[in-house]
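S.K.: Shown below is the structure under consideration.
The values are calculated or read from the model by the stated rules, or taken from the named source; none is laboratory data. Everything quoted here is computed from the prediction, not taken from an experiment. Every residue, glycine among them, receives a Cβ derived from its backbone with ideal geometry; neighbour counts consider all protein chains shown. Surface accessibility is based on the protein's heavy atoms, side chains included, excluding ligands, DNA and RNA. Shrake-Rupley method; radii C 1.70, N 1.55, O 1.52, S 1.80 Å.
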Amino acid sequence: MPRHNPVGKPFFELSEVESSNNYAMQMAQAHLAVHGTTWFAHYQNAGKGQRGKRWNAERSQNVMISSILEPKMLLVENQFLLNATVALACHDFFKRYAVDKTYIKWPNDIYWGDRKAGGVLIENVLSGENWRYAIVGIGININQTLFPEEIRNPVSLKQITGKTYNVIELAKELCASLENRWQQLLTSPAPAIIEEYCLHLYKINQQAAFEKDSVRFNGIIKGVNKNGELLISKNNSSPVSYNDVKWVLP
């Protein structure tokens, strides 16, 4: 297996960029960056979130990074393993400061209690059955305390702890967490990673509200399967897997 740079080496700062994920993708496609290369964006004027949503953040107040990873050892159908690995790294990082009540909200948001602290957007580049590379974008609220009204239930590390942080230092710590979990991905069996992901899952073994095809229902979250589908039990029945169900949050 080829030797890689650790995640976060090299580490670049961008004063302003449309989207750090777009920038990283352009660099990767131009063969100007390799596995581990990471960009920290002080400000994104068109930051990208899950499901086409925008990621809004104040300048230089939060951790916003994009890293190039080359998970060529994984089969294309095992993409959720990378998702779980990155989510666990973010959980490790945030819990180090926020301590209790840190969870992974399926599929890969970071929650503190019932409030969103961060999110992950992974964009994969495939070539047939080969996985060329992945652009891993992570946004985590650090020092920001005022958020746009349209953003639901946000929370930052400063709101939780009352402290102000050096966002560059924290970004590099997050890279170290990513590297630790990357090494786990290289050496650990897939079921162990999925099991640990489920251990930290938001609302695990609790009832939650969901929506599928415009129909709302309640169910108890029992975990995820190897494909990353959420397992939900309704009316004490055997869990059913869902890959496109939406949360209905209070």
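S.K.: Being touching a strand residue (DSSP E or B) at 6+ places or on another chain (Cβ under 9 Å), assigned to a loop (DSSP other than H, G, I, E, B), open to solvent by 40 Å² or more (accessible area, probe 1.4 Å) and closer than 19 Å to THR85 by Cβ is true for just one of ASN235, ASN227. Which residue is that?
M.R.: Details: ASN235 fails: closer than 19 Å to THR85 by Cβ.
Within the list ASN235, ASN227, the selection yields ASN227.
Residues are listed down the side, and each one gets a yes or a no for (1) more than 16 Å from ILE104 (Cα to Cα); (2) open to solvent by 40 Å² or more (accessible area, probe 1.4 Å); (3) within 21 Å of the chain's Cα centre (by Cα):
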position: GLY162; (1), (2), (3): yes, yes, no
position: LEU178; (1), (2), (3): no, no, yes
position: PRO191; (1), (2), (3): yes, yes, yes
position: HIS200; (1), (2), (3): no, no, yes
position: SER214; (1), (2), (3): yes, yes, no
position: ILE221; (1), (2), (3): no, no, yes
position: LEU249; (1), (2), (3): no, yes, yes
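S.K.: Of all residues in region 12-27, count the ones that are within 17 Å of ALA134 (Cα to Cα) and within 20 Å of the chain's Cα centre (by Cα).
M.R.: 7
S.K.: When you check ASN153 against the structure, is it surrounded by fewer than 18 Cβ atoms within 10 Å (Cβ to Cβ), of a type outside the set (Gly, Ala, Ser) and free of Cβ contacts under 8 Å to residues at least 24 places away in the same chain, yes or no? Please lay out each step first, then the result.
M.R.: Working: surrounded by fewer than 18 Cβ atoms within 10 Å (Cβ to Cβ): yes; of a type outside the set (Gly, Ala, Ser): yes; free of Cβ contacts under 8 Å to residues at least 24 places away in the same chain: no.
No.
S.K.: Turning to a different aspect of this structure: Between a residue in region 157-181 that is in a loop (DSSP other than H, G, I, E, B) and any residue that is among the β-branched types (Val, Ile, Thr), which pairs come within a Cβ distance under 8 Å, given they are 6 or more apart or on different chains?
M.R.: TYR165/ILE142
S.K.: Of the residues LYS95, LYS116, LYS105, LYS101, only one is surrounded by fewer than 23 Cβ atoms within 10 Å (Cβ to Cβ), basic (Lys, Arg) and in contact (Cβ under 8 Å) with a residue 60 or more places away in the chain; which? Lay out the reasoning, then the answer.
M.R.: On the way: LYS95 fails: in contact (Cβ under 8 Å) with a residue 60 or more places away in the chain; LYS116 fails: in contact (Cβ under 8 Å) with a residue 60 or more places away in the chain; LYS101 fails: in contact (Cβ under 8 Å) with a residue 60 or more places away in the chain.
Unique residue meeting the criteria: LYS105.
S.K.: A further question follows. Could you list, in sequence order, the residues of region 85-108 that are assigned to a helix (DSSP H, G or I) and touching a strand residue (DSSP E or B) at 6+ places or on another chain (Cβ under 8 Å)? Quick ask: steps written out before the conclusion?
M.R.: Of the residues in region 85-108, the ones assigned to a helix (DSSP H, G or I) are 85-98.
Of everything in region 85-108, those that are assigned to a helix (DSSP H, G or I) and touching a strand residue (DSSP E or B) at 6+ places or on another chain (Cβ under 8 Å) turn out to be VAL86, ALA87, LEU88, CYS90, HIS91, PHE93, PHE94, LYS95, ALA98.
S.K.: Enumerate the pairs (first residue in region 17-42 and touching a residue at least 60 places away in the same chain (Cβ under 8 Å); second residue anywhere and in a helix (DSSP H, G or I) and small (Gly, Ala, Ser)) with beta-carbon separation below 9 Å, excluding pairs fewer than 6 apart on the same chain, so at least 6 apart or on different chains.
M.R.: THR38/ALA24; THR38/ALA171; PHE40/SER20; PHE40/ALA171
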